Amino acid sequence: PLITTHNLAVGHGGRALIHSIDVQLLAGELVVLIGVNGGGKTTLINTLAGSLEPVRGHVAIQGMALTRIAALQRAKHISVVYTGRPQVGLLDVRTIVGLGRQPWTGHFGRFGVADHRAVNVAMERMQVLEFASRTLQHLSDGEAQRVMVARALAQETPVILLDEPMAFLDLANRVRLLRTLRNLAHTEQKAILLSKHD
């Protein structure tokens, strides 16, 4: 398993929304987390990503306690896609997707051949190459969401967590995204968790 939880409770301010979560996310697996709005899906994803402390219990990634892993190391293991359009100013799409390479490019962020290749492959997979020079504010919500998924793919982590990634996508693009994620999980042995409310 790439991610394991034991007796995990997640919530805010010491108050648990979900209790007793014992889960294993395996390499090569796409898992869909389905629940009502306000049911704690985002809170669980934030906890699995290490950006929110568990109310109790623990999360381990590849056998290491998540709380003992520095942020930079976590970013080499886990990429996260949140719902909604981030505020990224006038950055163009290629630059935004390139931000996914940050854990791998060193202190000065210099790109090598492998970094450029990872960005191009991610953009091709999510069919956003045609937007490469446009800013996020000039894209539709669905196009912007595909860009953020491409950024996560460019990060090249063994675990990808996606919070409602299909919220702004039409039916054809939902099917395309699910197919892409399933193929990624199977061919590259990634553990992928996405949440949905429907």
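In table form, for the structure just shown:
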| read-out | value |
| --- | --- |
| Filter result (acidic (Asp, Glu) and farther than 28 Å from Ile45 by Cβ) within segment 97-137 | Glu130 |
| Options Leu52, Leu44, Leu25: the member that is out of contact with any strand residue (DSSP E or B) (no Cβ under 6 Å at 6 or more places or on another chain), open to solvent by less than 60 Å² (accessible area, probe 1.4 Å) and modelled with pLDDT of 90 or more | Leu52 |
| Long-range neighbours under 6 Å by Cβ, at least six apart or interchain, first residue over 20 Å from Asn46 (Cβ atoms) within segment 83-96, second assigned to a loop (DSSP other than H, G, I, E, B) and of a type in the set (Ser, Thr, Tyr) | Asp92/Ser133 |
| Conditions (1) surrounded by fewer than 17 Cβ atoms within 10 Å (Cβ to Cβ); (2) modelled with pLDDT under 90; (3) in a helix (DSSP H, G or I); (4) not acidic (Asp, Glu): number failed by Asn183 | (2) |
| Set Val59, Val32: member being open to solvent by 60 Å² or more (accessible area, probe 1.4 Å), hydrophobic (A, V, I, L, M, F, W, C) and either assigned to a helix (DSSP H, G or I) or closer than 27 Å to Arg182 by Cβ (or both) | Val32 |
| Residues being part of a strand (DSSP E or B) and either open to solvent by 10 Å² or more (accessible area, probe 1.4 Å) or at pLDDT below 95 (or both) - total across segment 131-160 | 1 |
| Verdict on Val80 being surrounded by fewer than 15 Cβ atoms within 10 Å (Cβ to Cβ), under 15 Å from the mean Cα position of the chain (by Cα) and outside any helix (DSSP H, G or I) | no |
| Segment 83-127, residues that are among the polar types (S, T, N, Q) and either at pLDDT 95 or above or open to solvent by 40 Å² or more (accessible area, probe 1.4 Å) (or both) | Thr83, Gln87, Thr95, Gln102, Asn120, Gln127 |
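The values are calculated or read from the model by the stated rules, or taken from the named source; none is laboratory data. Keep in mind it's a predicted model, so treat the numbers as computed, not measured. Glycine also receives a Cβ, built like all others from the backbone with ideal geometry; neighbour counts cover every protein chain displayed. Only protein heavy atoms, including side chains, enter the accessible area calculation; ligands, DNA and RNA are left aside. Shrake-Rupley method; radii C 1.70, N 1.55, O 1.52, S 1.80 Å.
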